[in-house]
Structures are given as C-alpha cells and as structure tokens.
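Structure record follows, encoded as structure tokens.
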There are 2 protein chains.
Amino acid sequence: MIKPFDDAYFMRQALKEAQIAYEKDEVPVGAVVVANDQIIARGHNLTEQLNDVTAHAEMLSITAAAEHLGGKYLKDCALYVTLEPCVMCAGALNWSQISKLVYGARDEKRGALQYENLFHRKTAIVGGVLAEESAALVKTFFQRKR
Amino acid sequence: MIKPFDDAYFMRQALKEAQIAYEKDEVPVGAVVVANDQIIARGHNLTEQLNDVTAHAEMLSITAAAEHLGGKYLKDCALYVTLEPCVMCAGALNWSQISKLVYGARDEKRGALQYENLFHRKTAIVGGVLAEESAALVKTFFQRKR
C-alpha cells in the first residue's frame, strides 16, 4: 500500500519551512506539527528577525499548535523538525507531552540527545528522516556566512 | 556599606511577579531581568492564560529583556527567578549567554540542575535566595488545588 502521508512527506514540509528561514537569512531550521495526518502548525527559526533566542522553529510551532488545538498539551501530535532539537526545545517538547518527534539531521554539538532523559518518556523519537537535505541546508548557510 | 540592590532585593521583585501569577491561578513563579542594577524585564508564569507550555516566567522575561535591549544576548544581565529553572528555561538561558542566574527554591523533580552542564559555562549561578518564601508560595498553590 502506498502511504501518502509518511514521515518523509511531513519532513519535506518542515524542509520548506527551513528554506523560508534560509531566505530570511536565519539559521535554516523548520518544523511542522501534525495531528490526524494534518499539519496544524508550521514554524521556522526566527531568532534574528524577532531578536529572541527562544524563537526556534520548534518553540513557535508548539505555541501555534496549542493555539490551534485550544489546549496546551500535544499528546496526540507529532512534531517534524529538520534538525535535532536543542535542550530548550527538548524541554518544551517534554512539557507538551507530544506523542512523537521526528528529526532530520543530528546536531552533535547542540542537540539534546547527548543528554539522557530530556525528552518525555512517552515521546517516540525517530531520527534521520531526510537528514542529508536538512544538514546540507544548514551547512550551505554557514559556508555562505563565512 | 549598605547595598540597596542586592540579590534579596531583586528576588523580592521576582516574588511580586510570582504573587501576581498566584492570583491568576497560575503556578506561582516569577522572574525579573536586571542590568546595571535596573530591572529591564519582568515576567510571571502564564501557561494557563496563554494556553502555552512555553510561557514560563523565565521565557517571557528573556524575550522581554531582549526586546528592551534591542539585542538577543543578555551577556551583562542577571535573571532572578523564584524557582530553579526547568530544562527548557535552562536551555533558553544558555542561548542568551546570561551572566548570572539567581534562583529561590530548588525544584528537585523538574529543575535543570539535576543534569550536568545545561547552563552556559559563563553563567554564574546562585541558589537559595528567599528560598523559603518562594517554596511556600508554590506549596500553598498546590495545596489549594487539591
């Protein structure tokens, strides 16, 4: 059976958000939140534009998804993000009790997976979806910056 | 020499914010950000009112301080918060490169200090300032909830 809405499909949507961040000269990370195979929130990194270290793609998406749902918990949702979440975003995802996290590229230096147990014990974590494209976008961004 | 603006002075201001949260039926945690002995931002927990798990006192204060300064880094600032920051807030404080963190009560269950190295290596951390009053407010809140 062909599954139209698989992890790669939603990660491609997150990559579109990352591309928008890139075009705004922001570190290119994008995210979407999915419930019942529908995207209920989208976000991309806006730390420069908003002048705010907390304005990561995940944070903006979590806030937007809760707004959409009318409730602060994301228990039946999945978050797709192009880069492994940092400690801040892992903490926010923990509070949200999100069901599933899918990330693209690893972030060895800043990623939260280097620590144990920062994510919620009920959050299923899938990594490496469209990892190369996600990583390439970030790499190109920083190469252009130098 | 009498120092008018010591850690207890600013923590009392953070406690005032926590009291406002309490009156709004929010988990009573408050914070202020200080630069050059002046309070440049205030915040209290608004997770219920904003329907948003990310709306912790520290997060709102970090965002407000950056807005005030016109720059996203808080290198020459101190954050005073009535309760030990959680993982999310520790991550945000790390990104902000804040100089100093002063907290009131420990949060054994949710606090970030149970993990190693979540805070920025340049952030000086002082704990236990007005700890009893800070803890008592949270305790009373949860007792009333039951």
- Item | Which numbered condition B:F10 fails, given (1) open to solvent by less than 80 Å² (accessible area, probe 1.4 Å); (2) within 14 Å of chain A (Cβ to nearest Cβ); (3) touching a residue at least 24 places away in the same chain (Cβ under 8 Å) | (2)
- Could you count how many residues in segment A:72-96 are at the interface with another protein chain (Cβ under 7 Å from one of its Cβ atoms) and not in a helix (DSSP H, G or I)? 2
- Query: When residues of segment A:54-65 are filtered for being in a loop (DSSP other than H, G, I, E, B) and open to solvent by less than 10 Å² (accessible area, probe 1.4 Å), how many remain?
  - Reply: 1
- Item | Selection within segment A:47-66 - more than 7 Å from chain B (Cβ to nearest Cβ) and of a type in the set (S, T, N, Q) | A:Q49, A:S61
- Note on the structure: So, first residue of a type in the set (D, E) in segment A:123-139, second residue part of a helix (DSSP H, G or I) and crowded, with 19+ Cβ neighbours inside 10 Å, Cβ within less than 7 Å, six or more apart or across chains; the pairs are A:E133/A:L15
- Residue check for A:E26: surrounded by fewer than 23 Cβ atoms within 10 Å (Cβ to Cβ) and either touching a Cys at 6+ places or on another chain (Cβ under 9 Å) or closer than 29 Å to B:L74 by Cβ (or both): yes
- Query: Condition test on A:S96, is it more than 13 Å from the chain's Cα centre (by Cα), surrounded by 23 or more Cβ atoms within 10 Å (Cβ to Cβ) and of a type in the set (S, T, N, Q)?
  - Reply: yes
- Item | Within segment A:36-49, tally of residues that are under 11 Å from A:F10 (Cα atoms) and either crowded, with 20+ Cβ neighbours inside 10 Å or in contact (Cβ under 8 Å) with a residue 12 or more places away in the chain (or both) | 3
- Looking at segment B:114-135, which of the residues that are out of contact with any Gly (no Cβ under 6 Å at 6 or more places or on another chain), surrounded by 14 or more Cβ atoms within 10 Å (Cβ to Cβ) and not in a loop (DSSP other than H, G, I, E, B) is farthest from the other protein chains (Cβ to nearest Cβ)? B:E133
- Residues A:Q19, A:Q49, A:Q38: which one is polar (S, T, N, Q) and closer than 24 Å to B:E58 by Cα? A:Q49
- Looking for whichever is assigned to a helix (DSSP H, G or I) and within 23 Å of B:V138 (Cβ to Cβ) here; the options are B:Q49, B:Q19. Which one fits? B:Q19
- Single match in A:K72, A:K109, A:K139 (criterion: crowded, with 21+ Cβ neighbours inside 10 Å and among the basic types (K, R)): A:K72
- Residues in segment B:22-35 that are in contact (Cβ under 8 Å) with a residue 24 or more places away in the chain and assigned to a loop (DSSP other than H, G, I, E, B): how many? 4
- Task: Please work out if A:K109 is in a loop (DSSP other than H, G, I, E, B), more than 7 Å from every other protein chain (Cβ to nearest Cβ), without any contact (Cβ under 8 Å) to a residue 24 or more places away in the chain and not acidic (D, E).
- Result: yes
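The values are calculated or read from the model by the stated rules, or taken from the named source; none is laboratory data. What you see is a predicted model; the values in this text were computed from it and never measured. In this analysis, Cβ positions are derived from the backbone assuming ideal geometry, glycine residues included, and neighbour counts consider all displayed protein chains. Just so you know, the surface numbers come from the protein's heavy atoms only, side chains and all, with ligands and any DNA or RNA stripped out. Shrake-Rupley method; radii C 1.70, N 1.55, O 1.52, S 1.80 Å.
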